[in-house]
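Undergrad: Pasting a structure here, questions to come.
The values are calculated or read from the model by the stated rules, or taken from the named source; none is laboratory data. These numbers were taken from a predicted model, which means no experiment stands behind them. Here the Cβ is made from the backbone with ideal geometry for all residues, glycine too, and neighbour counts use every protein chain on show.
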């Protein structure tokens, strides 16, 4: 064989080997999410808190985050490719700092949420990265501080915590590496 033919043949074999090795790689945000899931049903989140509308507000925030940051489409029917459900398990408000006359200066609110994401077959899709059990509930918690004297309220602080929780929940919808 001539040198030119040997070089061309080895170049072609090398290119085929490289292409075969990279065939499963994906580029862009599509590689972050499961390709077998296209739609997500998000029923109204339940809340064990006595505060009104926390579950509704968290549901709305999560739906907006899914639509904004993922390729998934949120649908309003249970026969979707997957179902994302959650329950607010606790809501705590405590005084962090107070004046000498026992007037609160800084108050902290904590929200804890249990989340389940499963597909049509009932297989759990969301798992806590610290554990590798199957299936588990994924739990997230968020706290936020407010100062009543500064014009802040529990409602605005809850909204801040809800937005952070929604971001945490949706970030867990990414595929594991």
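Undergrad: Considering each residue of region 109-133, count those that are modelled with pLDDT under 80 and assigned to a strand (DSSP E or B), and give that number.
TA: 0
Undergrad: Please work out which one of (1) buried (at least 16 other Cβ atoms within 10 Å of the Cβ); (2) under 15 Å from the mean Cα position of the chain (by Cα); (3) within 29 Å of residue 153 (Cβ to Cβ); (4) touching a residue at least 60 places away in the same chain (Cβ under 8 Å) is the condition residue 63 fails and give its number.
TA: (4)
Undergrad: Could you tell me whether region 83-97 includes any residue that is loosely packed, with under 13 Cβ neighbours inside 10 Å, part of a loop (DSSP other than H, G, I, E, B) and more than 15 Å from the chain's Cα centre (by Cα)?
TA: Looking through region 83-97, none of the residues is loosely packed, with under 13 Cβ neighbours inside 10 Å, part of a loop (DSSP other than H, G, I, E, B) and more than 15 Å from the chain's Cα centre (by Cα).
Undergrad: A follow-up question, please. From 96, 40, grab the single residue that is at pLDDT 80 or above and touching a strand residue (DSSP E or B) at 6+ places or on another chain (Cβ under 6 Å).
TA: 40 is the lone residue from the list that is at pLDDT 80 or above and touching a strand residue (DSSP E or B) at 6+ places or on another chain (Cβ under 6 Å).
Undergrad: Return only the number of the condition from (1) closer than 23 Å to residue 163 by Cβ; (2) at pLDDT below 85; (3) over 21 Å from the mean Cα position of the chain (by Cα) that residue 32 does not satisfy.
TA: (3)
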